[in-house]
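Below is one structure, written out as C-alpha cells, with a few remarks after it.
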Amino acid sequence: MSSTDEELVARSQGGDMDSFNQLVMRWERPIYALAYRTIGREEDARDVCQETFLRAFRALKGFKGQAKFSSWLYRIALNLCRDWIRRERRQPIAQAPEGIDLVELASEATPTETIEDLVARQEISQAVARAMAMLPEDQRTAIILKEYHGLTFQEIADMLDCPLSTVKTRLYQGLSVLRRQLDRNGGYKHV
Amino acid sequence: MCNKDDLVSYLYDDLDAPARGAFERHLHACTECRDELQAMRGVRADLLTWSPPEPDFAFRIVNEPRAAQASVLRPNVPSWRAWFTPAAGFAAAAVLVLAAAAGLARVEVRKDTDGFTVRTGVSSVSAPTSADALARVSYGGQGRDVNLPVGADAAAWASIERRIAALEATTRDNGLRNTSTLSARGSNNDEVLKVVRELLAQSETRQKGELALRIRDVIRDLDLKRAADLNGVRQTVGRIDASVTEEAAAHRELMNYLLKDSKQK
C-alpha cells in the first residue's frame, strides 16, 4: 500500500530522501502539465518543473501542512510560471505539436474513431492551445486548475489569493472567450 | 437577471441539491442560459483534447556532501554525459592540443657557447643524399670529432690539417679563455634551467589561451549552426502542418459533398 502525501512529507522532513523522491515521481507529471499549459514551451516547462521540486525540497522544513502538499507545489509552480512570463515579457506560446503523424494518430485511435476523426481532434487540440495562449493570465490559470487538475473553487481561490466568486467569474469569462475563439476557428466540428 | 456564478457552478456540478433544483427550473425558462450552458459544455469537451507532450525527464533529489548546498536535482542523463563535464572536456582537449603542438612544433632545447636556446618550429634539415654521406673520423687524439665527405682526396686532407694546425696555434690563448667562460656558464646551470622552465611555462600558457579561444569559436559556430537547423526544422514542420491542414480541409469538403450527394440520391 502506497504512502499518502502527508506521510511522505513527514518522512522527508525527517531527512528521508527516498520519500521526497517518491513525491517527485508522483507529482512531476501534473506539475509539468501545469507549467506546459501555462507557458506553452516544452523546455521551459521542464525547467519550471525541476525548479519547483528543488524549491519545495529546500523549503520543506517550513511546510506546516496548512494546505495540501499538491496545492503547495502548484502554488510554487504557478509563481515560477509568472516569473517566467514577466521575465520573458511575452504571452505564452501556443507551441505547435510536432506536425500530424497519421500513423501515430492511428495508433491512438479508439475502435470507433476514423482517421478523419483523429485529424479533426488534432486540429481542435491546436485550436485550443492557440485560444488558451490568448487568454489573460488569471483566466487561463483558473481554467487550467479547474479543467485539468480538478481543483475545487475554494482550492483555486486559496491558491490565487482571491475570493471564490472571482474564481467563478474568471472561469466564466475565460470559457466565453474560448467559446468565441473556437467557434471562429473550428466550425468544421459541426460538419 | 441570470446568475453567471450559478451557471459556472452548475457546469462543474458544484451546487447543493436545493440550488441545483432552482437553477434547473431557471434553465427551463431561460433559453439564453440553456444555450450558453450547452456551448460551454462543448468548450469543456474541446479542452480535453489538449494534452501536453509526454515529458522524458527523470530527475531526482540526490545528496552531494562535498557541495556547499545539501542537495541538487540530478537529471537522468546518459552515462557518457555523466562524466563529460565542461571542465573534463577542456582538460582533455588541452592535453591533446599540447601534445600535438609539441609534436608538430619540435620543441628543441640546445646548449652551446651562446648559452641555452629554446626553439620551436618545423626543422628545415633535409635528409642527406648518398653524395653527401658523411664519415666520422678522429682528429689529433684530442677527442674532437669532425665530419668529412667520403672520398676526399689526400691533398684535401693535407690542406685541412694545415689549416687546423694554424688555427690551433693562433687561438690557443683564446681557447683557454673560452674554456674558462664555458666553465663559468656551466656552473650556472640552475639559473639556465630556471630560464628554460619559464620559457616553457610561457609557451604553455600562450597555447592554453589560444586553445580556449579556439574552443569558444567552435562552440559559437555550433550554436549558430544549431539555431539555423532548428529554424529549418520549424519551417519544415510549419509547411507540413499547412499542407496537412489543407489536405484535411479538402477531405472534409469531399466527404461533405459525398454525404450531400448520397442524401440527394
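None of the figures in this text is laboratory data; all of them are computed from the coordinates on show. Here the structure is a predicted model, which means the values were calculated and not measured. When we count neighbours, we look across all protein chains shown, and the Cβ atoms used for this are built from the backbone with ideal geometry, even at glycine.
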Computed FRET value (nearest 0.05) for B:D223 with A:E42, which takes r as the C-beta separation and R₀ as 22 Å: 0.70
Distribution of pairwise C-alpha distances over the range B:189-251, 5 Å bins, in %: 4, 14, 8, 10, 8, 7, 8, 6, 7, 5, 5, 4, 4, 3, 3, 2, 1, 1, 0
Cβ crowding within 10 Å averaged over residues, with A:128-135, A:35-42 ranked highest first: A:35-42, A:128-135
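Hey, got the average number of other protein chain Cβ atoms within 10 angstrom for residues in B:27-40? Walk me through the intermediate numbers first.
Values: counts 0, 0, 0, 0, 0, 0, 0, 0, 0, 4, 0, 0, 7, 6.
Shielding by partners across B:27-40 averages 1.
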Rounded to whole Hz, the Karplus (6.51, -1.76, 1.60) HN-Hα couplings of the range B:194-208, x for glycine and proline: 4, 4, 4, 4, 5, 4, 5, 4, 4, 4, 5, 4, 4, 5, 5
Under Karplus coefficients 6.51, -1.76 and 1.60, residue-wise ³J(HN,Hα) of the range B:7-22 in Hz, glycine/proline x: 4, 5, 4, 5, 4, 9, 6, 10, 10, 6, 4, x, 5, 5, x, 5
Inter-label distance for B:A250 and B:L213, nm, one decimal - labels placed 7 Å from Cα along Cα-to-Cβ: 5.7 nm
Partners for B:K208 among lysines (Cα-Cα distance below 25 Å; same-chain residues under 8 apart left out): B:K194
For the range A:140-150, 3J(HN,Hα) per residue [Karplus equation, 6.51 cos²θ - 1.76 cosθ + 1.60, θ = phi - 60°, Hz, x = Gly/Pro]: 4, 4, 4, 5, 4, 5, 7, 6, 9, 10, x
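For the pairs A:K64/B:K4; B:K4/B:K263; A:K64/A:K146; A:K68/A:K168; A:K64/A:K168, note any where the Cα-Cα span goes beyond 31 Å.
Numbers: A:K64/B:K4 36 Å; B:K4/B:K263 41 Å; A:K64/A:K146 25 Å; A:K68/A:K168 21 Å; A:K64/A:K168 29 Å.
Those over the limit are A:K64/B:K4; B:K4/B:K263.
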Highest-first arrangement of B:256-264, B:189-197, where packing means the average Cβ count within 10 Å: B:189-197, B:256-264
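For A:118-126, what's the mean count of beta carbons from other chains sitting within 10 Å of each residue's beta carbon? Spell out each step's value before the answer.
Values: counts 0, 6, 3, 3, 4, 5, 6, 6, 4.
Mean shielding by partner chains, rounded to a whole number: 4.
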